[in-house]
Structures are given as structure tokens and as C-alpha cells.
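The values are calculated or read from the model by the stated rules, or taken from the named source; none is laboratory data. Note that the coordinates shown come from a computational prediction; the quantities given were computed from them, not determined experimentally. Using ideal geometry, Cβ is built from the backbone for each residue, glycine included, and neighbour counts are taken over all protein chains shown. Remember, those area values only see protein heavy atoms, side chains included, never the ligands or the DNA or RNA. Shrake-Rupley method; radii C 1.70, N 1.55, O 1.52, S 1.80 Å.
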Amino acid sequence: MRDILIKQADVVVTMDAGRRELAGADVLLRGGVVAAVGAGLETPEAEVVLARGCVVTPGLVNTHHHLYQTLTRAVPGGQDALLFGWLKTLYPIWARFGPEEMFISAQVGLAELALTGCSLSSDHLYLYPGGARLEDTIAAAAEVGLRFHPTRGAMSIGESEGGLPPDALVEREAAILEDMIRVVDAFHDPREGSMCRVGLAPCSPFSVSRDLMREAALLARDKGVMLHTHLAENAEDIAYSLAKFGVRPGQYAEDLGWTGPDVWHAHCVKLDAGEIDLFARTRTGVAHCPCSNCRLGSGIAPVRAMRDAGVPVGLGVDGSASNDAGNLVGEARQALLLQRVARGADAMSAREALEIATLGGAEVLGRGDCGQLAPGKRADVAIWDVSGVAAAGAWDPVAALVLCGPGRVRDLFVEGRRVVAAGEVVTIDVGRVVERQNALARKLRG
Ligand SMILES: Nc1nc2[nH]c(O)nc2c(=O)[nH]1
């Protein structure tokens, strides 16, 4: 692989230990890692990428998604509902998916993430209708070229047993555990620089049993993989937990082995002070999904309190049926705005929002090798052209990324390989994928 020398950026935002921002700096990518950062770097054989007029950041990290939902954006019956009603509208549509729907929708979602600066994404695939398998999404990510953390999700408690999903969408728990073992053994790569790490992710307390939560935790520890689920997303979720289990979600998670640095929970909008303390003590991570929380009317997650307590927090776009976009810089902006609505104008700075979108997400996903531009870290780099209309007149180009734009990257490198060039994805034919996606959406609409 040829060296890449990114030259003369207006600012390189390193997110290194000193959070250094280097004016007029270069970044050298070699063999999939950052080889050097600083001014005046020279390497005769390198491909030079001029970055004048640009801000260079680590690639953004997405800690929560349901890629399959890009096929059900803005569905009329689900546009104005709270979480449970929204899910009940969408489950019957998702039940008609199969392998092609999973593959194409994942490519659309990942292309959208790439164009908005994301180099590492997790995905929570918790339903497997029509023969769909986790590898449908793994194949999609490999073609797009993003670093990928797919999670083998699951639902096992259908309506007839007091769960939320229809019985037709749930799986037998023995079969779920068997498939979890299969996908970890086949696809999980624990090495530094890994392009694919698999996690285990029973969907939510209202769609799986306590037994499955406990068994999944034991299996994850045995295999050395991470655990992920939805937790404390809204008031309905808390009410369900109290009525069904007699405890709040934090206690439920702790009792079943779902705390620790190898666990991250999506949403956590309704964590109380005791639960925040539990997460901080145990280094349990949180995927904060501000746009989805607004769209579903779930509330404002206590991110300021979580960060102050020391809870690892990353950002997630969440599924595209509840956002309905997949733009992480948009999430960074929304995170900042929501904390300010809740706590005042100094509750979160643009730089902190950018830190959560990069370094914070990498920590949540257990990726000490990502989220920073520093020698030895993986070569995941986003180049943002701030010379256009969106940031014109900005006095502080780093803050401008979050406060005004641009919302799309000019270039994106993952593991030192180009995924976006001049604002276009270069790894797949996005036009063809979008055409197929729209045909599949039309078929689902009937
Ligand atoms: N935002 C979302 N929350 C969820 N809970 C659950 O069980 N599924 C979902 C989901 O798809 N999105």
C-alpha cells in the first residue's frame, strides 16, 4: 500500500493526549497507521493529498446503528409515535426483509456514514427474517471499506409471552446462542487494526428473557467480545422494567452481568444519579443518540452528568427509521444543542462534542487504536473542506465543523485506504446501490 501524505491542512485536530490542534500541519499514513503528524513532513514516494482550506480530524466513530432501517425511513405510521408504538408499526414491515434487503440497506447506511466522516461503525442487527444473517452486513461493510463492529442482536420474547415484538419475529434462545457462537468464531478479529469485531447484543429488556441476557454475558466473556443492548431509552422502557422485573434498568443490567468496560448501552436517556454512578464505577459505556431521542420524543440524555462522573460516552446515529439520517457531525451538533437546552450555554463546547464523536466513541467500542491522529494509531482520517459556503466567515474552523459545517467530508481514509475522494464514495457504485434500495423500498411499500 502506498504512503499517503496529507499536506498543509489549515488545522489538524489530533485528539491526542494533549488534544493538540496543529496549524499548517501534515499527516503521514503508512501501512495502515499514522506514521507522523507535524509540519513540513516529506516522503518522496508518497501520494500527496493537499489539504489547504481543510480541517483534518480522526475519522468519526458511530457507536449505535440499525443499518437495515435505512429501508424504512420516514414511514408514515411511524413518523409521530413514541418508541413502543413506533416499533409496533415497523416490526411487520421488517418481518418481510431477507438477505438482499440487509445487504443493500447496510451499504446505503455505510455510504452515508462515510460521506459524513465516519470511519468506524457498529451495527445492531436484532432480527433475522427470510434467511438473513449477520454476514449480509459484514459483506456490505467489507465492500464499502469502513471499519465495522457488527453485533449479533436477538429478540426471543414475543407478544404472546408479554414481549413487544410479534411472535413471528422472535427466535428460539438455543438457536440464538448457537448463531452467536458461529458468527464470533467466523468473523471476530480481536487484533489491533481489526476491520471487523463482532459483539453480542440481545435487543432490549422488553424483547428478550433474563436468561438470554445472562447467557449472552457469559458467552461474551468466554469469547472475549463486547456486549451491547438498548437501555433506559424512554419512560415506557423504565415503566416496563419496574412492572416486569421490579427494578430500574441499571439494577437489571448489573444483576445480569451487563456492566463493565466490555459493555455499552444505547440511549440511557433515563439513567438516574445512582445508575450514572454505577456506569462510571464500572466503566460501562453509553451510545448517545441525540437525534433519535428527539425524533421519538424520548427525552434528553444526561450526558453532562455522565461525562462529569466519568462514564465513557460515544455518539450513535441510531437506526434510520428513527433519525432518519445517518450523519455523525449532525449528532455532535445535536448533542451540544440538547445539553445546552437542558443545562445552559456552557454545558458542552463544540470541541467536546467533536471529542465524543471521535475519541469518546473509540473508547466505548474498546478501540484504543482508533479515534486519534497520533503515531501508531490506525490511519482513519477525515478531511473537511472548510473553504466553501457552509463555513464561510467562520473565525474558528474547528468549532465551525460542529456549529456550521460542512456536513460532508472531502476525503476519508480508513486503515490508510481511500473510501471517499472529492466528496464521493470510491469503493462502491453508490448510484446503483441507491437505485436497488429504492426498488426494494417500493416493493416493501406494496
Ligand atoms: N431507537 C430504537 N430503540 C429500540 N429499542 C428496540 O427494542 N429496538 C429499537 C430500535 O430499533 N430503535
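The loop-placed GluC sites (Glu not before Pro) in the stretch 25-82, going by DSSP, that have at most 14 neighbouring Cβ atoms within 10 Å of their Cβ come out as Glu42, Glu45. The residues of the stretch 60-365 expose on average 31 square angstrom of accessible surface per residue, using a 1.4 Å probe on protein heavy atoms. Only Lys, Arg, Asp and Glu carry charge here, each on its Cβ (+1 for the first two, -1 for the last two); on that basis the chain has a dipole of about 440 debye about its Cα centre. Over the residues of the chain, the helix contribution to mean residue ellipticity at 222 nm works out to -10500 deg cm²/dmol, using -39500 (n - 2.57) for each DSSP H run of at least 4. How about the stretch 1-100: which trypsin sites (Lys or Arg not before Pro) there lie in a loop by DSSP and see at most 15 other Cβ atoms within 10 Å? The qualifying sites are Arg2, Arg19, Arg20, Arg52, Arg96. The order of the peptides 188-199, 360-371 by mean Cβ neighbours within 10 Å, most packed first, is 360-371, 188-199. Overall, the stretch 332-446 carries a charge dipole of about 560 debye about its Cα centre when +1 sits on the Cβ of Lys and Arg and -1 on the Cβ of Asp and Glu, all other atoms neutral.
Per-peptide packing, taken as the mean over residues of other Cβ atoms within 10 Å, places 267-278, 408-419 in the sequence 408-419, 267-278 from highest down.
Positive-end ranking of Pro76, Ala51, Ala23 along the dipole of the stretch 20-81, with charges on Cβ about the Cα centre, is headed by Pro76.
Only the Cβ atoms of Lys and Arg (+1) and of Asp and Glu (-1) were treated as charged; on that basis the dipole of the stretch 5-127 about its Cα centre amounts to roughly 280 debye. Between the listed residues Ala217, Val329, Asn234, the Cα displaced farthest toward the positive end of the dipole of the stretch 60-365, a dipole computed from Cβ unit charges relative to the Cα centre, is found at Val329. With the charge dipole of the chain set up from +1 on Lys and Arg Cβ and -1 on Asp and Glu Cβ about the Cα centre, the Cα lying farthest toward the positive end among the listed residues Trp94, Cys289, Leu278 is that of Cys289. Taking a ≥ b ≥ c as the square roots of the eigenvalues of the alpha carbon gyration tensor, the stretch 60-365 is rounded, as a/c is under 1.5. The accessible surface of the chain, taken with every protein chain in place and a 1.4 Å probe, is 53 percent carbon and sulfur.
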